[in-house]
Amino acid sequence: MTAMQATTSETDDLIAQHRIEAEGWSRTAREDALARATAMGLPQRRDEYWKYTRPDSLTAAEPVAAALLKSDEAPLFDGMDRLKLVFVDGVFDADASDDLSQEGLEIELLSRAEGDLHWARDLYGTLEARGQKPVERPLAAVNTAFAKEGVLIRVTGKVSRPVNLIYRRNSDSSDVMLHYCVKVEKDAEVTVLENGPAAARLNTVMEVDVADHGHFHHVRAQGRDHERRAATHVFARLGEESFFKSFTVTVNGALTRNECVIELTGDDANAHVAGACVGDGDFHHDDTVFITHDAVNCESRQVFKKVLRNGAVGVFQGKILVKDGAQKTDGYQISQSLLLDEDSQFLAKPELEIYADDVACSHGSTSGAIDEDALFYLRARGVEKHVATDLLTLAFLAEAVEEIAAEELRDAINDRLASWLERHRG
Amino acid sequence: MLSIKGLKVKLEEEDKQILKGVDLEVEAGKVHAIMGPNGSGKSTLSYVLSGKDGYEVTEGSATLEGEDLLDMEPEERAAAGLFLAFQYPVEIPGVGNMTFLRTAVNAQRKARGEEEMSAGDFLKVIRAKAKDLKIDADMLKRPVNMGFSGGEKKRNEILQMAMLEPKMCVLDETDSGLDVDAMKLVAEGVNALRTEGRGFLVITHYQRLLDHIKPDVVHIMADGRIVKTGGPELALEVENNGYAGILSEVA
Ligand SMILES: Nc1ncnc2c1ncn2[C@@H]1O[C@H](COP(=O)(O)OP(=O)(O)OP(=O)(O)O)[C@@H](O)[C@H]1O
Ligand SMILES: [Mg+2]
């Protein structure tokens, strides 16, 4: 191990920059992760899944400085009843956070977890490691090895009050890795919300293990932080008749790479991943999704919509892998972009790989402009051009936003998108 | 009310003249009908009046109560009181019919410096008017024109007209695709709006609609011009003899 670190430390990159500091229960998992990362090497432009997104700024030793954005908009989930955990530049802020106790939840900070958290020891790095095949995700292994903070959540009952991971940042050069483990036990249910500007450079990994009949809902807002860069990974494993739903809204951000790797291992499981993003100018947004069906009668949906203008770039790489024996699979994938001008770009790589014969899988990808006939129709009724354009743009995003189950959250996201559109007109 | 003088229009993209000098005067309180062979330029006239892209006015003018229409954005023309019932109403996925209409009503009010209509008042008014046109509540909830039958789309146009209460209504083949009963509903909808201050320009191919909406004046358009103008009897002549006679007479 130390030998490997020695060789990489000669190059000035992300891996060389860090040392494993944690002792105790996660130590072995971290050392394994470092070995994985070192063996894989950091992402390169020539890698198959990094063709459309430059990894350099994510793998460099130091983050690119990102100016802080002043905003007088109230944070997204303000006003909702939720369990707040606040991280400022990656450091837990106990004063701003709620007391970490809630019926139906065992919840602990990664930096504080000691002793025999056997469920966490079994999960930490496990789903990330499983998710390295067949496509390598070195940044996630780096996170497992070095993340200093994060949250371990074990869900034992139906929890209606969401857990809200709230990010703030005060530094224009913070480089943050956060690692989350969520274990949803049999019949249990939880909603995890994430929002706020986290860091100049953010690397998160969330491992979600959903047992039979468990429900996991995830709504994340990566918002209003123009210059930040982020690489996020969600790894999930789903048991029988379980439900996994993850939605991400992204408004601006210089670079975002959101990877989602899901394994449906129990029969009749459901996985829905969706995203709505809006980018103006210096904006590069990449959704890379890999869903593996390895059980019978499972359903998966991928719904991604991107609105791009002034040279913004959107990337979608989505794969459905149906393993031998995963009969009655219902796989749906759609990725669409609305290009508000000719300078913007959408790059899509939809993939299906199917080894079972009784499956229904569909995928589609489109790129288009505002429908001129619809625009004229609205204007002919008196709706001003920019209002009509916003209406049509929100309508375009609606299919993704509708993937959010809770109406209150859906409305909050729609309001965010509408106010972004208002601020970014023609 | 609506005054069109020597209007000449070509396509923006190609060198094709479509309107070759249209003169037309619709007075307040009157219903004018335009008939004419396919491709003679009737829809083009309605689009140019309402401000659709793709056409270039090379000569002439069009004014609404003295205001130059051709100089305005489409939404300004609507706020000034012009309404076009489309020959082919557009389907708009993701935009609810209600949201759309309320946005439109209030946008026009705002543009005219009037107070916006409250959600409650709007609901009350639209429910009553929808009922008159036999448009059920479910159709109001659906996205604009999505999955509407041809006849339902046309009734929806009339509902919009009733909600927006324009000064000058241009109806482009609102009767096409309507069954006999729906035609009566639409005609009743139009007749209910016939007032002293409002003008109508009804484009149609059939006398049948004009049985219900009695026109004051009938125009025949051919090859981009109004070639003949007369009373309601002109529509009957077209119904009975087609355009051949009229066209040879003016040639
Ligand atoms: N955007 C366009 N591109 C090409 N040709 C056009 C365009 N718009 C109109 N035209 C042509 O102009 C002519 C007039 O068309 P218009 O639709 O105005 O006819 P109309 O009188 O409404 O016919 P109909 O009774 O069939 O509805 C036609 O020859 C049509 O093909
Ligand atoms: Mg026509």
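The values are calculated or read from the model by the stated rules, or taken from the named source; none is laboratory data. Quick caveat: nothing in here was measured; it's all calculated off a predicted structure. In this analysis, Cβ positions are derived from the backbone assuming ideal geometry, glycine residues included, and neighbour counts consider all displayed protein chains. When the accessible area is computed, the model is the full protein with side chains, heavy atoms only, and any ligands, DNA or RNA have been set aside. Shrake-Rupley method; radii C 1.70, N 1.55, O 1.52, S 1.80 Å.
Take every Cα pair under 8 Å whose residues are at least 6 apart in sequence, average their separation, divide by the length of the range B:1-83, and the relative contact order is 37 percent.
Bridge orientation summary for chain B: considering DSSP beta bridges with both residues in this region, about 60 percent are antiparallel. Take every DSSP beta bridge whose two residues both sit in the range A:3-368; close to 5 percent of them are antiparallel. The relative contact order of the range B:82-189 comes to 46 percent, based on Cα pairs under 8 Å that sit 6 or more residues apart.
Relative to the Cα centre, the charge distribution of the range B:177-251, modelled as +1 at Lys and Arg Cβ and -1 at Asp and Glu Cβ, gives a dipole magnitude of about 200 debye. Diffusion coefficient (Stokes-Einstein, Kirkwood radius over C-alpha pairs, 4 °C, 1.567 mPa s) for the range A:151-197: 105 µm²/s, rounded to a whole number. Beyond 24 Å, what share of the Cα-Cα pairs of the range A:281-394 is found? Please give it as a whole percent. The proportion of pairs with Cα distances above 24 Å equals 41 percent. Using a 7 Å offset from Cα along Cα-Cβ at B:Lys16, what residues in the range B:77-97 end up with backbone N under 16 Å from the label point? Of the residues in the range B:77-97, none has backbone N under 16 Å from the label point off B:Lys16. Compute a Gaussian network model of chain B, connecting alpha carbons closer than 10 Å, and tell me which residue from B:Gly150, B:Gly54, B:Gly29 fluctuates the most. With Cα springs under 10 Å in chain B, the top fluctuation among B:Gly150, B:Gly54, B:Gly29 is at B:Gly54. Spherically averaged projected area of the convex hull of Cα atoms, chain B: 13.5 nm². For the range A:221-336, a simple Cβ point-charge model (Lys and Arg +1, Asp and Glu -1, everything else neutral) yields a dipole of about 440 debye relative to the Cα centre. The alpha-carbon of B:Lys8 sits under 28 angstrom from the alpha-carbons of these lysines, leaving out residues fewer than 8 places away in its chain: A:Lys385, B:Lys16, B:Lys20, B:Lys30, B:Lys42, B:Lys52, B:Lys167, B:Lys228. Sites listed here are GluC sites (Glu not before Pro) in the range B:158-251 whose DSSP assignment is loop and whose Cβ has at most 13 other Cβ atoms within 10 Å: B:Glu196. Long hydrophobic helices in chain B: the complete DSSP H runs spanning 15 Å or more by Cα along their own axis with mean Kyte-Doolittle hydropathy of at least -0.5 are B:97-111, B:119-132, B:180-193. When the P(r) of the range A:3-368 is calculated, the portion above 25 Å amounts to 52% of the C-alpha pairs. Of all DSSP beta bridges confined to the protein assembly as shown, the antiparallel ones make up roughly 20%.
The amide H of B:Val22, built 1.01 Å from its N in the peptide plane, has B:Gly6, B:Leu7, B:Lys8 as neighbours under 5 Å, considering only residues 5 or more places off or on other chains.
Calculated accessible area for the range A:3-368 comes out at 37 Å² per residue, all protein chains present (probe 1.4 Å; ligands, DNA, RNA ignored). Counting heavy atoms of the protein chains alone, A:Asp357 has an accessible area of about 130 Å² for a 1.4 Å probe. Buried accessible surface for the B/A chain pair comes to about 1900 Å², total over both chains, computed with a 1.4 Å probe.
Volume per residue of the convex hull around the Cα atoms, evaluated for the range B:109-160, comes out as 95 Å³. The mean sequence separation of alpha-carbon pairs under 8 Å and at least six residues apart, normalised by the residue count of the range B:209-251, gives a relative contact order of 31 percent. Which residues among the range B:31-49 fall inside the zone where the amide N is under 14 Å from a point 7 Å beyond the Cα of B:His205, along Cα→Cβ? So the set is B:35-43. Sorting A:Phe396, A:Phe77 on solvent-accessible area from highest to lowest, probe radius 1.4 Å, gives A:Phe396, A:Phe77. Comparing B:Val48, B:Val57, B:Val125 in a Gaussian network model of chain B (Cα springs below 10 Å), the most mobile by mean-square fluctuation is B:Val125. The dipole here belongs to chain A: it is taken about the Cα centre, uses +1 on the Cβ of Lys and Arg and -1 on the Cβ of Asp and Glu, and is about 760 debye. If every alpha-carbon in the range B:25-74 counts as one equal scatterer, what log10 I(q)/I(0) does Debye give at q = 0.24 1/Å? Results for the range B:25-74 at q = 0.24 Å⁻¹ read -1.11.
Adding -39500 (n - 2.57) for every DSSP H run of four residues or longer, then dividing by how many residues chain A holds, sets the calculated 222 nm ellipticity at -6000 deg cm²/dmol.
What net charge do the residues around A:Arg257 carry, taking every other residue with its C-beta under 9 Å from that of A:Arg257, with Lys and Arg at +1 and Asp and Glu at -1? Taking every Cβ under 9 Å from that of A:Arg257, the sum is -2. Using heavy atoms of the protein chains and a probe of 1.4 Å, the accessible area assigned to A:Glu372 is about 110 Å². Rounded to the nearest 10 degrees, the inclination of helix A:407-423 to the longest alpha-carbon principal axis of chain A is 60 degrees.
In the protein assembly as shown, a dipole from Cβ-located charges (positive for Lys and Arg, negative for Asp and Glu) runs towards its positive end, and of B:Gly151, A:Ala406, A:Ser337 it is B:Gly151 whose Cα lies farthest in that direction. Surface composition of the protein assembly as shown: carbon and sulfur atoms hold 46% of the protein heavy-atom accessible area at a 1.4 Å probe.
222 nm [θ] for chain B, helices only, -39500 (n - 2.57) per DSSP H run of 4+, per residue, to 500? Mean residue ellipticity at 222 nm (helix-derived): -12000 deg cm²/dmol. Taking 0.36 nm per residue of sequence separation and removing the Cα-Cα distance, the A:Asp357/A:Lys323 pair yields an extension gain of 11.2 nm.
How far, in degrees from 0 to 90, does helix A:385-401 lean away from the longest principal axis of the Cα atoms of chain A, to the nearest 10? Computed tilt is about 40 degrees. If ligands, DNA and RNA are left out, what is the accessible area of A:Thr126 with a 1.4 Å probe, given in Å² to the nearest 10? The accessible area of A:Thr126 comes to roughly 50 Å².
Can you pull a Stokes-Einstein diffusion coefficient for the range A:144-229 at 4 °C (1.567 mPa s), Rh from Kirkwood over Cα pairs, as a whole number of µm²/s? Here the translational diffusion coefficient equals 94 µm²/s. With angles folded into 0 to 90 degrees, how steeply does helix A:27-40 sit against the dominant principal axis of chain A? Use alpha carbons for both and round to 10. So the inclination is approximately 60 degrees. When the inverse distances between all different Cα atoms of the protein assembly as shown are averaged and flipped, the Kirkwood radius reads 28.3 angstrom. Residues A:Asp116, B:Asp121, ordered by accessible area of protein heavy atoms at a 1.4 angstrom probe radius and largest first, appear as A:Asp116, B:Asp121.
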